[in-house]
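Step one of this worksheet: look at the structure below.
Coordinate-derived values only; no laboratory data. Here the structure is a predicted model, which is why all the values come from computation and not from measurement. All Cβ positions, even for glycine, are placed from backbone atoms using ideal geometry, and neighbour counts span all protein chains on display.
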Amino acid sequence: MIPPVLVRTDVVRRAIVLGNGLSAATVSFDIAAQGFDVDLLLIGEELVEPAIYAFQDEPGRQDTITKMAIIHSSAHIRLHRHCEILTVRGHAGDFEISFNEGGRSRCVKGGAIVLAHEPDLVEEETSEASVVTNNSLRGIIDANGTIPNVVVFIEGSNGKGSCPFQSATASIENALAIKKRRPETQVYVLARDVDAPGTFERTYQMAQRKGVVFVRGDLSYRLSLDDPGSLIINDPVIGEIRVRPDLIVREATFDIQSNSHLARKLGLRSSDNGMVQGFSTRLHAGETKREGVFVCQGLNASLLASDNISEACAVASSVSELLSRSFLEHGAEVAIVDKEKCSACLACVRICPYDAPLLDEKGKAEIQVAICQGCGMCVSLCPSKAIDQKRWTDARLSAEIIIVSKGEGG
Amino acid sequence: MSQIKRVIGYCCEHGAIGAAESAGVERRQFSPEVLIIPVPCVGRVDVLHLLQAFREGADAVFVAGCLEKNCHHLYGNIEARKRVDQVKRILDSLGLSGDRLELFNLASNQGREFKVSVDVMLERVERLGPNPLGVHR
Amino acid sequence: MIIGEQKPLKEICDILEGHRRILVAGCRSCVAICLAGGEKEVGILAESLRLHSDLQGKSWEIDEVTVERQCEKEFVHDIASRIEGKDAVLSIACGVGAQTIQAMYPKVRALPGLNTSNMGAPEQPGIFLEKCGGCGNCVLHLTGGICPIVRCAKSLLNGPCGGSQNGKCEIGKDTPCAWEEIYQSLKGLGRLDLLEANIPPKDWTPSRSGGPRKIFRPEAVMTEDEKQLRGQR
C-alpha cells in the first residue's frame with residue numbers, strides 16, 4: 001500500500017504579489033498586517049488607480065488610494081518596479097519567481113503568489129459620434145456637456161476585450177446623472193440582468209423612480225430594418241418599443257493581454273475575455289486550480305472599487321491562512337516513475353503542463369511530488385509504461401472497464 | 001436472449017463529470033445502459049483502456065473532457081483527441097467502425113449538452129448495430 | 001538512434017496468418033523512444049490483435065513481453081520461458097532485435113511488426129528525422145556538421161544540384177537543401193574555406209554496399225586462452 005501523503009514541505013512565510021492597483025495595494029497591506037513580508041512586483045513605476053473606477057465615489061476607495069501612496073514606506077512590503085516576469089517555479093509553500101527589474105535580473109521566493117492585476121480600459125476610436133463608452137459619457141456629464149433626448153445603454157462592448165461582469169452599475173450611475181441634469185431625456189438601460197449589489201441597490205431604485213427604463217433579458221433589442229437609426233426593444237412584459245437613440249452607450253474594451261500573459265506565466269487558464277479562472281470568491285477567496293497561487297479580480301470581478309477591495313481583503317485572508325501553516329502535505333494523486341523501466345526518452349518532461357518531471361543524476365525521470373497535479377497525461381504517454389498514478393492506476397481503470405461491462409446495468 | 005446495450009463514458013473530474021451532474025440536477029434522464037468511468041483528466045485515458053472497453057463488449061465509448069482551450073490541465077483534452085483518433089483508426093482497420101468512439105468537450109454546467117452527447121452515442125449504436133463481442137443475457 | 005515505424009495493422013494481421021500462439025516482443029531502447037515498439041506499443045498492438053482475433057473468431061493467444069535491448073543475447077535469453085510454447089514471435093523492435101530473436105530461437109518463427117527505417121533524431125515530440133547514413137566514412141568535419149549522404153537526396157559531396165531552390169530540395173518544399181544548410185553552417189563557423197577542398201568520389205566499401213560490416217575492438221575481444229580459462233571456472 002502506498003501512503004496517501006508522500007511528502008511534507010516547509011512554508012516560506014512571504015508572499016509575492018503581482019499587481020498594479022487597488023487590489024494589489026489592499027492585498028499587500030493586509031498580508032503584511034498579518035505578519036508576513038511581501039514582495040510587490042509592479043509592471044510600471046508606481047501603483048496606479050485604474051481608470052475603470054474613475055467615477056465612482058465609494059467607501060474604502062479613498063483609504064486604499066492613501067495606502068497606495070504610502071506603500072513604499074512600509075517596512076514589510078518590498079517594492080519592485082518595471083518588472084518583467086521571466087519564470088515561475090516551485091510549488092505551494094515554496095515558489096521562486098525570476099524577473100527583470102528595470103533591466104537587472106532578480107529572483108524572489110515566497111510561499112504564495114497573488115495575481116492582483118487590474119485591467120486597463122482601452123479607449124476605442126469609434127467612427128460614430130453617437131456611440132460612446134460609459135467613461136467618456138461621464139466625462140461629458142462632468143464637463144456640463146449637452147445631453148441629448150434619447151440615450152440607450154447597451155451591455156457589451158464593440159471590442160474583443162469586453163469583460164463578462166456587469167457594466168450595469170456604471171450605466172445606472174450615468175443614467176441617474178443624466179436624469180438629474182435633464183429629466184426630460186428618455187433613458188433606456190438594456191441588460192441581461194441588473195446586478196446592483198450592496199448600497200448600490202439604492203442608486204438602482206432612485207434611477208427607476210426618476211424614470212429610467214430598464215429592459216432585461218437576452219437579445220432585448222434589434223436594429224430596425226425599415227427605419228434606419230431606430231432600435232426595436234423587446235420588453236418581456238410590454239412587448240416591442242421603438243426608439244430613435246441620439247446616443248448609444250456601450251462598455252469600454254478592457255486590455256486583457258497583460259492579464260492573460262501573467263496568467264499563463266503562472267500556469268493558469270484565462271477565458272477568452274481575459275479573466276483568470278478562480279473559484280467562487282465567497283467560498284475560497286482567490287484560490288485557483290494551482291495550490292498556492294491566488295487571484296484577485298477572478299471570475300467574480302466587478303467594476304465597483306469596493307467589491308474589488310473587499311475581495312482583496314478576503315484573498316489576503318486566504319493567503320495568510322496558507323502562510324501560517326507549519327507544513328504542507330503533497331502526494332495524494334501523483335504520478336510515480338518506475339526507474340527500472342524508464343527509457344529516459346523525455347516524453348514526460350516535454351508534456352507535463354506543470355514541469356513536474358526532472359531527470360535524476362542517472363538520467364532517469366523523477367516526478368516532483370509537490371508539483372505534480374495528478375492529471376495523468378505522462379502516465380498514458382510513457383512509451384515504456386514506466387509511470388503509474390496513485391489512485392488512478394492502470395490496474396484500477398482496467399478493472400473498472402471489466403466491472404462495468406459485466407454489470408446488469410445502471 | 002437479448003443483448004444489453006453498453007455505452008461507456010470516460011468523464012474528466014472537472015468539465016465532464018460536472019456536466020453529468022448538471023444533467024442529473026436538471027433531471028435529464030439518460031438510460032442505464034450508459035456507464036461513466038471518472039478520470040482525473042481525459043489526458044489520463046490510455047489507448048489501451050479504450051481498446052479494452054471494446055474487447056469487453058462495449059457497443060460505443062465516449063471520452064468527455066473540458067471545452068477546447070479550457071482544459072483544467074491546459075491540454076489534456078488535446079492529448080485525448082490524439083488518442084481517440086488513433087483508436088478510431090485501429091477500429092476502422094479491424095472492421096469495428098471508428099464511429100463507435102467519440103470525443104466530446106463539455107463545461108461543467110452543460111447538462112443539456114451532456115445528454116445530447118449520450119444520445120449521439122446511443123444513436124450510433126442503433127445505426128452500426130451491436131458490438132459482436134457484446135454481453136448477452 | 002534507430003527510427004522505425006510499426007507496419008499497418010492489416011499487414012501485421014496478414015503476416016500472422018496461420019499462427020495461433022503469438023508473443024508480441026518490444027524493446028525499451030530506440031524503438032521505445034521513437035514510439036513504435038516500447039512496452040506501451042506492445043500493449044496496444046497486443047490488445048488490437050486480441051480484438052481482431054475475437055472479432056474474426058481466430059482464437060489467437062497473444063502474449064506480451066518487452067526486452068531491455070532486443071539486440072543483446074543476454075536480454076533475449078531472459079525471455080526464453082515466454083517464447084516456449086509459442087509458434088511465432090512478433091517483434092516490434094528494430095530489424096536487429098527481430099533477427100536476434102530468430103537466431104536464438106531457431107524453432108519459433110520471428111516475424112517483423114516494424115519497418116526499421118533510419119538513424120535519426122527526435123526533432124520535436126512525435127517527429128523524427130533521418131540524420132546519419134551509416135556510410136562508414138564520416139565527413140562531417142568538412143560539411144559543418146551536416147551529413148551530405150542522407151540529408152542530400154542525391155548524396156552529393158561537393159555542393160548542391162541545380163534543383164536546389166530557395167534553400168529547398170527539389171524533392172519537396174518541406175525538405176531543406178542539405179548543401180544550403182552546409183553553407184550556412186560553415187558560414188556561421190567562419191569556415192567557408194572548407195568548401196574549397198574537393199571531396200573525392202566516395203569509396204563505398206565501408207558502407208552497406210560492401211557487405212555486412214564487422215567491426216573489431218581488439219582490446220575487448222576475448223582471446224582463445226581467456227575463453228578457455230573462463231570455461232574452466
For segment A:312-410, restrict the atom set to alpha-carbon positions and state the Rg and Dmax in Å. 17.8, 53
Sparsely packed GluC sites (Glu not before Pro) within segment B:50-135, loop by DSSP, other Cβ within 10 Å at most 12: B:Glu68
Show which lysines lie in cross-link reach of C:Lys187 when reach means a straight Cα distance below 22 angstrom and same-chain residues fewer than eight apart are skipped. C:Lys131, C:Lys168
Per-residue Cβ contact counts at 10 Å, fewest first, order A:Ile43, C:Ile79 as A:Ile43, C:Ile79
Over 18 Å (Cα to Cα) among C:Lys73/C:Lys107; A:Lys339/A:Lys364; C:Lys154/C:Lys202; A:Lys390/B:Lys69; A:Lys339/C:Lys40 -> A:Lys390/B:Lys69
For segment C:172-184, take each phi angle, set θ = phi - 60°, evaluate the Karplus expression 6.51 cos²θ - 1.76 cosθ + 1.60, and give the result in whole Hz per residue in order, putting x for glycine and proline. x, 6, 9, 9, x, 6, 4, 6, 5, 5, 5, 4, 4
Hey, what do the phi angles of segment C:5-22 turn into as Karplus ³J(HN,Hα) couplings, whole Hz, using 6.51/-1.76/1.60 and θ = phi - 60°, x for Gly and Pro? 9, 5, 5, x, 4, 4, 5, 4, 4, 5, 4, 7, 3, x, 10, 10, 9, 10
If r is the Cβ-Cβ distance from C:Glu196 to C:Glu219 and R0 is 45 Å, what FRET efficiency results, to the nearest 0.05? 0.70
Added length on full extension, which subtracts the Cα-Cα distance from 0.36 nm per residue, A:Ser230 to A:Lys289: 16.6 nm
Taking the convex hull of the alpha-carbon atoms of segment C:2-118 and averaging its shadow over every direction gives an area in square nanometres of 6.1 nm²
Mean-position separation - Cα centroids, segment B:63-108 and segment C:54-107, in angstrom: 32 Å
If contacts are Cα pairs under 8 angstrom and at least 6 residues apart, what is the relative contact order of segment C:133-233 in percent? 28 percent
C:Thr175 paired with C:Leu129, simple spin-label distance in nm, labels 7 Å along Cα-to-beta-carbon: 1.4 nm
Using θ = phi - 60° and the Karplus form 6.51 cos²θ - 1.76 cosθ + 1.60, what ³J(HN,Hα) does each residue of segment B:72-79 get, whole Hz, x for Gly and Pro? 3, 10, 6, 8, x, 6, 6, 4
To the nearest 10 degrees, how steeply does helix C:95-104 sit against the main Cα axis of chain C, on a 0 to 90 scale? 40 degrees
Which of the lysines could a cross-linker bridge to A:Lys179, judged by Cα under 16 Å and excluding same-chain residues fewer than eight apart? A:Lys210
With a Förster distance of 25 angstrom and the Cβ-Cβ distance between A:His76 and A:Ile43, calculated FRET efficiency to the nearest 0.05 equals 0.70
Would you order A:Asp10, A:Asp94 from fewest to most other beta-carbon atoms within 10 Å of each residue's own beta-carbon? A:Asp10, A:Asp94
Per-residue Cβ contact counts at 10 Å, fewest first, order C:His77, C:His19 as C:His77, C:His19
Extension gain from A:Arg325 to A:Arg8, taking 0.36 nm per residue of separation minus the Cα-Cα distance: 113.0 nm
R0 = 60 Å: FRET efficiency of B:Leu133 with C:Cys161, Cβ-based, nearest 0.05? 0.60
Å³ per residue of the Cα convex hull, for segment C:133-233? 172 Å³
